[in-house]
Amino acid sequence: MDRYAVIGQPVAHSLSPRIHALFAQQTQQTLSYEALEVSPESLADTLKKLHADGWRGFNITLPHKLAVAALCESVSERAQLAGAVNTLIRTDSGWKGDNTDGVGLIRDLKNQGIAVTGKRVLLLGAGGAARGVIKPLLDEKPAELTLSNRNPWKPEKIAVEFKAHGNIRPATHLSLRGDQFDLVINATSAGHDGVMPRVSAGVLAKGCVCYDLSYGKAHAPFAAWAQQQNAAKIADGLGMLVEQAATSFELWRGVRPTTITALSELRKAG
Ligand code: ATR
């Protein structure tokens, strides 16, 4: 049987095994998908061994998304730009690294009818999660993409790096007073600490959509802030999670599952 897994540490909480089991059932594919807890120190040896044992592919999650790129035989252009790898695809001689997070976000925004083209977009955070979605967002041609963080250094560096791909402006969370946005995307990890970064008040334009890359408990602080700022719509990152998984599945199996069914199963299960 073809074997797949999500590799991380910790990984027990991962929804990926559930999602891929639903995809396999729906597309009538026979495969197994597990969660493998692997430490950073043993990642290189583990990947070699898993290749020798015939495994077909992996999803990569924290804390390995950056380190794994160096262990790949080749890395796709979008993963290189993102600076992170979330999907490994078996080749005869090693692993090919790819990143499906950005395309997952864009697909979920489209599913929900959330427009990016021509809109003023604010991206909160300048870590790995933010990096992964910048190019796909710029490809949708927003009126502008403002990248903000607690301090200016990371956004400034990233803005220079992505300048050739579109209109990107660096900022800090507390320097946004007077600005107005149609779409605010939270790519900070602050929600995992139960907090929302302090952001200048009044930056949500009328009808503004607030979208969080986090889901579950980690989504609550951003959702509370968005509600307090009168967002017209608030979305968590569960749809993006399912969409990025579907693209990984398609890369491995050559068939795309219907994400809407898997997403509603996950929401039903709570
Ligand atoms: P990830 O891969 O999830 O993006 P990361 O690379 O560590 O993780 O980046 C985390 C992001 O969340 C950063 O933008 C970080 O801000 P700093 O660069 O200022 O550290 C942001 N972040 C994390 N905890 C935060 C908090 N409590 N308040 C505000 N921003 C926070």
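Computed values, structure above
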read-out	value
Accessible area, probe 1.4 Å, largest first, for residues K154, K206	K206, K154
Theoretical ellipticity at 222 nm over the chain - DSSP helices of four or more residues, -39500 (n - 2.57) apiece, nearest 500	-10500 deg cm²/dmol
Virtual spin-label span in nm between A205 and R18, 7 Å along Cα→Cβ	3.6 nm
Listed residues N151, N99, N86, most fluctuating in the chain (Gaussian network, C-alpha, under 10 Å)	N151
Ranked order, C210, C72 - accessible area, probe 1.4 Å, largest first	C72, C210
Sparsely packed trypsin sites (Lys or Arg not before Pro) within segment 113-189, loop by DSSP, other Cβ within 10 Å at most 10	R177
Accessible area of E265 in the full protein assembly, 1.4 Å probe (Å², nearest 10)	80 Å²
For H173, solvent-accessible area (1.4 Å; no DNA, RNA or ligand), Å²	0 Å²
Leading residue at positive end of dipole, segment 72-149 (Cβ point charges), from V103, L138, A82	L138
Cα-centred dipole magnitude for segment 2-88, charges only on beta-carbon of K, R (+1) and D, E (-1), debye, nearest 20	180 debye
Dipole in debye (nearest 20) - segment 120-270, about Cα centre, beta carbon charges: Lys, Arg +1; Asp, Glu -1	160 debye
Accessible surface ranking that places the most exposed of V195, V133, V75 first, with a 1.4 angstrom probe	V195, V75, V133
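The values are calculated or read from the model by the stated rules, or taken from the named source; none is laboratory data. Being a predicted model, the structure only gives us computed values, none of them experimental. Methodologically, a virtual Cβ is constructed for each residue, glycine included, from the backbone with ideal geometry; neighbour enumeration extends over all protein chains shown. When the accessible area is computed, the model is the full protein with side chains, heavy atoms only, and any ligands, DNA or RNA have been set aside. Shrake-Rupley method; radii C 1.70, N 1.55, O 1.52, S 1.80 Å.
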